[in-house]
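The values are calculated or read from the model by the stated rules, or taken from the named source; none is laboratory data. Note that the structure is predicted; figures quoted are calculated from it, not measured. Here Cβ is always computed from backbone atoms with ideal geometry, including for glycine, and neighbour counts include all displayed protein chains. Ligands, DNA and RNA are excluded from the accessible area calculation, which covers all protein heavy atoms including side chains. Shrake-Rupley method; radii C 1.70, N 1.55, O 1.52, S 1.80 Å.
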Amino acid sequence: MTTEHAPGGRELLRTEGVRKAFPGVVALDGVDFDLRSGEVHVLLGENGAGKSTLIKVMSGAYRADEGRVLYEGAPVRIDSAQTAERLGIAAIHQEFNLVPRLSIAENIYLGRQPRRFGMVDRRRMETDAAELLERVGVRASPRTPVGELGIAGRQMVEIAKALSQRARVLIMDEPTAVLTSQEVDRLFGIVRRLRSEGVGIVFITHHLEEIPAIGDRVTVLRDGRSVGQVPATTERDELVRLMVGRSIEQQYPRDTTAARPGAETLLRVSGLSRKGQFSEVGFELRAGEVLGVAGLVGSGRTEVARAVFGVDPYDSGRVEVAGQPLPRHDVNAALAAGLGLVPEDRKGQGLLPDASVQDNLGLVAMRSATRAGFVDRGRQRKDAARVAQRMAVRMAGLHQRARTLSGGNQQKVVIGKWLLAESRVLILDEPTRGIDIGAKVEIYQLINELTAAGHAVLMISSDLPEVLGMSDRILVMSQGRVAGELTARDATQDAVMALAVGSAAPGAGAYAAGGTRETGTSTMEGTHRGH
């Protein structure tokens, strides 16, 4: 679906030559951007391109070092969120600014509660909140604690809060990242209604297929600079070229037809079972191979990976690494045997967010860098610098905190620590979730380098085109069991989905109707966009 809307309203917001630097890195380097009333202007770029910094300048979280911001043609100094609010600029960031224990009404009017005779007028606040909730399609009492709402509900409360401020400029940072297809449709309906009312909307997304569905214009940032402004109907290949500065002829750069005769079996799993989770799971993984694992949510993919690595126990079965049995529920033994695990929750389980890039990269290999009980910081720094360069981590320096990196660069650090540990078998659980297309291709190329060097990769992914494009063989799981195995030559979208839903509950086939965010073909999540 493409939008028929053609924006022609007056200019609301403009940045001219905006520059913003942090120690060791220039985040914005002379960025020009403009927003008109009654349009959706998409801000596009790789992780680290400067999108978040730019919207923080426009919404008062950061102040530009150089350049200027104009509102309705007049220069303004937006030095705080309160200043932005007074001008009519509201921002909805990826991390919601809500208090879970407070009610919906209290969150919407936090710090701006209506008063009567010096006291908070709760009746008016809840009445006004109810009208806003109806407007954004939330069927909940204004008295409901925000903590009881799902992600989509909280998203709508943030929009209701912006509407309560009578915002004329609404900035939305990755609003669809964790929404189902139905929730995205509802959100887009609200966005279109706001646009028809003259609101100007800045919309950030990594999902390229959303751009023609909701956008009017697109400004592309690359390395802190605006490199192009194009219509939202621009072809996907051209958008990718603008984003990464090169053509991507093949999104999945793997030769899955290359023969690997006589390769050593690095990982063998036999009869792995855990009550209520998975049963009789078995497979082999050879040196130089990518074994993809596909399946619907709840099929047991992640649970098996965690059991193999020793994070979680299992009831019966056997795991062998290079022919040697691996003790159950023993992560240290897995590490010593050469296994590595990149978990699906990189922020919660893969990183120490407040630690430096250097410390995160050296976390697993710290034992080898320790002499007489002391960490050899010089060696650790040298090794971390080598891996960071190999991974092309965009950072201010090895001292930078991991939490301040973009999502794609965080993922590179999580993978990089296993390279430093010289893991022979790498288990990747959702390796490219939530990162942009340029970073995805870099990770795919790294997978190719690892397998070419004789390592093996077990790749779990809900992105079906990714599984098809990067796997030499595909293991399909359904309800905790291996439903089948396909070679790259025999694997098709239909074949994988037929195995995935073969023993699922009635109606599970609806998953096959979902479209990926970037290719237009199916995801294993189907109607659900992420866990």
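For the reader, a short list of remarks on this structure follows.
- On the basis of the beta-carbon distance and an R0 of 25 Å, Ala140 and Arg192 show a calculated FRET efficiency of 0.65.
- Helix 122-136 axis, angle to the chain major axis (alpha carbon atoms, nearest 10°): 60
- Cα→Cβ-extended label distance, 7 Å offset, between Thr404 and Asp354, nm: 1.5
- Nitroxide proxy distance, nm - points 7 Å out along Cα→Cβ at Glu320 and Thr487: 2.4
- Backbone N within the range 404-427 under 20 Å of label point (7 Å from Ala453 Cα along the Cβ vector): 409-427
- Debye-formula intensities of the range 1-126, expressed as log10 I(q)/I(0) at q = 0.17 Å⁻¹, are -1.00 (one equal scatterer per alpha-carbon, no solvent).
- Neighbour-limited loop hits for chymotrypsin sites (Phe, Trp or Tyr not before Pro), the range 32-130 (at most 10 other Cβ within 10 Å; DSSP other than H, G, I, E, B): Phe117
- Counting 0.36 nm for each residue step from Glu284 to Glu95 and taking away their Cα separation leaves a gain of 64.0 nm.
- At q = 0.07, 0.10, 0.11 Å⁻¹, base-10 log of I(q)/I(0) for the chain (Debye sum, equal scatterers on each alpha carbon): -0.44, -0.89, -1.05
- Excluding ligands, DNA and RNA, the accessible surface per residue across the chain is 43 Å² with a 1.4 Å probe.
- Positive minus negative residues near Lys275 (Lys, Arg vs Asp, Glu; Cβ under 13 Å): -3
- The lysine pair tally for the chain, using Cα distances under 30 Å and a gap of 8 or more places or different chains, is 27.
- Cα pair count fraction exceeding 14 Å, expressed as % - the range 38-81: 56
- If you take all other residues with their beta carbon under 15 Å from the beta carbon of Arg116, and give Lys and Arg +1 and Asp and Glu -1, the sum is +2.
- For the chain, carbon and sulfur atoms together expose 48% of the accessible surface, with a 1.4 angstrom probe and every protein chain in place.
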